[in-house]
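K.L.:
My questions will all concern the structure given below.
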Amino acid sequence: MRFARRVDAVPPYLFAELERTITRKRREGVDVISLGIGDPDLPSPPAVVEALAAAARDPSTHRYPTNHGSDEFRAAVASFYRDRFGVELDPAAEIVPALGGKEAVGHVALVLLDPGDLCLSPDPGYPPYTSGPLFAGAAVHYLPLEEANGFLPDLETVPDDVAARANLLFLNYPNNPTGAIVEPDYFERAVEFARRHDLVVVHDNAYSEICFDGYRAPSFLETPGAKEVGIEIFSLSKGWNMTGWRSGLVAGNAEIVERYRQLKTNLDSGMFEAVQLATIAALTEARDFPREMSDVYQRRRDLVVEALATIGLEVEPPQATPYFWARVPEGHTSTSFAELVLERSGVVVSPGPAYGPSGEGFVRLSLTVPDDRLEEAMRRIESSLRSGIIKA
């Protein structure tokens, strides 16, 4: 039996591997608490669930939807972007539904990259920023996210010959996995970089609605000239606890949006209309729900900061995202520390290199577990790793 080689071009997906580890340890009788996967533990807003249930009972939603999305869906998105970000979008040409951010990242790579092209991908970064280009037959040039630079890629250090081959630059702020936020003028620099090198910026805006301490994350599309050079992927997964719904959208440059839609007409049959109606409810009736979730995550964030300090891990509290990006103790690699935490505490954390080579020396912890389980995880880590035992 022969298989296409493209699947072998990418490593096993991080979260699939974490799920296997968790299953194995639970079969061994370990009460595992996973801080490795960013999947909200709280339910979607009631208005969203009710909208879906009502729509699912309507036989008119049971037929093929349009890949372009309903007029009502696109109007709701345009209204949300206007009110939340001050961005004007043409509902007829600059918005299209996506089956979640992950699908959008992968399909955008197919739209923008040919074999032999180059993609500029943040390192560390969401794994599909690498797998999407590789599936498209393109090469990846990593842009290191260094702590000294605020975990922002230094675009001025990209070699001219690399930029000349590139046709896609992925950005993601607030950032996964580092929790970093964007500097006020950084998107302007990205737009100028894209113009100078005739490439497309794709901003993955998955976390703008989970913010703390009064911070409100911007949209890339707020930036003057952004729609001339790029698009934004927006997801409802984290802000509205809708990871399983696969609800997102692509917005911005009309030509890119249309090319994306054309690709999807050949690969899927669009977003279930009942999910579109539920998404409308999220963006209208439940528009303020992400602020409630931000309060939950901020409380959990503060708990984790205190617990990590107890075992000698000083971390900067993130201003956005439900993630901690913590440097591992001296004498450990990311993997050895993650293994130590699992074996001694029964707690799963994500080793940094799973997000790219520059992730070495860090682990990611997610706040998407119930409060009592997070408290228990921190108690276990404190108990087993404090007082110098962490160096084992």
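K.L.:
Report the FRET efficiency, 1/(1 + (r/R0)^6), for E50 and E255, where r is their Cβ-Cβ distance and R0 is 35 Å, rounded to 0.05. Kindly include the intermediate steps, with their values, before the conclusion.
P.N.:
On the way: r = 37 Å, r/R0 = 1.07.
Rounded to the nearest 0.05, the efficiency is 0.40.
K.L.:
So, one more: For segment 235-392, take the convex hull of the Cα atoms, compute a quarter of its surface area, and give me that in nm², please.
P.N.:
Averaging across all directions leaves 12.0 nm² for the Cα convex hull.
K.L.:
On to the next question. I'd like the accessible area for W245: 1.4 Å probe, protein heavy atoms, all chains in place, Å² to the nearest 10.
P.N.:
Accessible area, nearest 10 Å²: 50 Å².
K.L.:
Right, another one. Tell me, what HN-Hα J-couplings in whole Hz come from the Karplus equation 6.51 cos²θ - 1.76 cosθ + 1.60 at θ = phi - 60° for each residue of segment 280-290, using x for Gly and Pro?
P.N.:
4, 4, 4, 7, 10, 5, 10, 4, 8, 4, x
K.L.:
At 0.36 nm per residue, minus the direct Cα-Cα distance, what do D83 and T335 gain on full extension? Give it in nm, one decimal, please.
P.N.:
Full extension of this stretch gives 86.4 nm more.
K.L.:
Counting only protein heavy atoms and a 1.4 Å probe, tell me what percentage of segment 76-121's accessible area is made up of carbon and sulfur.
P.N.:
Details: 730 of 1440 Å².
Whole-percent figure for carbon plus sulfur exposure: 51.
K.L.:
Probe of 1.4 angstrom, ligands and nucleic acids ignored: what's the accessible area per residue over the chain, in square angstrom? The partial results should precede the final answer.
P.N.:
Working: 16860 Å² over 392 residues.
Heavy-atom SASA per residue in the chain reads 43 Å².
K.L.:
What is the distance, in nm, between label points placed 7 Å from the Cα along the Cα-to-Cβ direction at E360 and at Y215?
P.N.:
In this crude spin-label approximation the distance works out to 2.8 nm.
K.L.:
Give the average over all directions of the projected area of the C-alpha convex hull of the chain, one decimal, in nm².
P.N.:
Computed as one quarter of the Cα hull surface, the answer is 20.3 nm².
K.L.:
Using helices alone, I'd like the mean residue ellipticity at 222 nm for the chain: each DSSP H run of four-plus residues gives -39500 (n - 2.57), total over residue count, nearest 500. Before the final figure, lay out the partial values.
P.N.:
Working: 13 runs with 156 residues, N = 392.
The helix contribution divided over the chain gives -12500 deg cm²/dmol.
K.L.:
Here's a follow-up. Separation of segment 131-174 and segment 226-299 by C-alpha centroid, Å?
P.N.:
Here the two parts' Cα centres lie 24 Å apart.
K.L.:
Efficiency by 1/(1 + (r/R0)^6): what FRET value for T284 and E228, r their Cβ-Cβ distance, R0 = 25 Å, to the nearest 0.05? Can you show the working numbers first?
P.N.:
Numbers: r = 29 Å, r/R0 = 1.18.
Step by step, r from the Cβ atoms, then E = 0.25.
K.L.:
Whenever you get a sec, compute what percent of the accessible area on segment 245-377 sits on carbon and sulfur atoms (1.4 Å probe).
P.N.:
Percent of accessible area from carbon and sulfur atoms in segment 245-377: 47.
K.L.:
What distance in nm separates the simple spin-label points at S383 and R20, each placed 7 Å from Cα in the Cβ direction?
P.N.:
Here the answer is 3.1 nm between the modelled labels.
K.L.:
A further question on this structure: About the Cα centre of segment 260-392, what is the dipole size in debye to 20, counting +1 per Lys and Arg Cβ and -1 per Asp and Glu Cβ, all else neutral? Numbers along the way, then the final one.
P.N.:
Details: 15 positive and 19 negative charges, 49 e Å.
The dipole magnitude comes to about 240 debye.
K.L.:
If you count only protein heavy atoms and use a 1.4 Å probe, how large is the accessible surface of E285, to the nearest 10 Å²?
P.N.:
140 Å²
K.L.:
From the convex hull of the Cα coordinates of segment 1-129, what is the mean projected area in square nanometres?
P.N.:
Over every viewing direction, the Cα hull of segment 1-129 projects on average to 14.0 nm².
K.L.:
Using 0.36 nm per residue of separation minus the Cα-Cα distance, give me the extension gain between E314 and T157 in nm, one decimal.
P.N.:
That works out to 53.5 nm of additional length.
K.L.:
Ranked from the most accessible area to the least, with a 1.4 Å probe and all protein chains present, what is the order of H62, H203?
P.N.:
From most exposed to least exposed: H62, H203.
K.L.:
Here is a further query. Which ³J(HN,Hα) values in Hz, rounded to whole numbers, follow from the phi angles of segment 227-236 under the Karplus curve 6.51 cos²θ - 1.76 cosθ + 1.60, where θ = phi - 60° and Gly and Pro get x?
P.N.:
Whole-Hz 3J(HN,Hα) from phi for segment 227-236: 5, 6, 10, x, 9, 10, 9, 10, 10, 9.
K.L.:
Using protein chains only and a probe of 1.4 angstrom, how many square angstrom of K238 are accessible, to the nearest 10?
P.N.:
Rounded to the nearest 10, the figure is 30 Å².
K.L.:
Heavy atoms only, probe 1.4 Å: what % of the accessible area of segment 125-202 goes to carbon and sulfur, would you let me know? Mind showing how you got there, number by number?
P.N.:
On the way: 1510 of 3050 Å².
Within segment 125-202, the accessible surface is 50 percent carbon and sulfur.
K.L.:
Would you mind telling me the antiparallel percentage of the DSSP bridges in the chain, rounded to 5?
P.N.:
Just about 45 percent of them are antiparallel.
K.L.:
Moving on to the next point. Once the piece of chain linking R27 and S60 is laid out straight, how much longer is it, given 0.36 nm per residue of separation minus the C-alpha distance between them? Provide the component values of the computation, followed by the final result.
P.N.:
Values: separation 33, 0.36 × 33 = 11.88 nm, distance 4.47 nm.
Using 0.36 nm per residue and subtracting the Cα-Cα distance, I get 7.4 nm.
K.L.:
Okay, moving on. Ignoring ligands, DNA and RNA, how do E209, E72 rank by accessible area with a 1.4 Å probe, largest first?
P.N.:
The ordering from most to least exposed comes out as E72, E209.
K.L.:
In whole Å, largest first, what are the principal axis extents of the Cα atoms in segment 127-261?
P.N.:
Its Cα atoms span 42, 38, 29 Å along the three principal axes.
The values are calculated or read from the model by the stated rules, or taken from the named source; none is laboratory data. It should be emphasised that the depicted structure is a prediction, and the values quoted were computed from it without experimental measurement. Here the Cβ is made from the backbone with ideal geometry for all residues, glycine too, and neighbour counts use every protein chain on show. Surface accessibility is based on the protein's heavy atoms, side chains included, excluding ligands, DNA and RNA. Shrake-Rupley method; radii C 1.70, N 1.55, O 1.52, S 1.80 Å.
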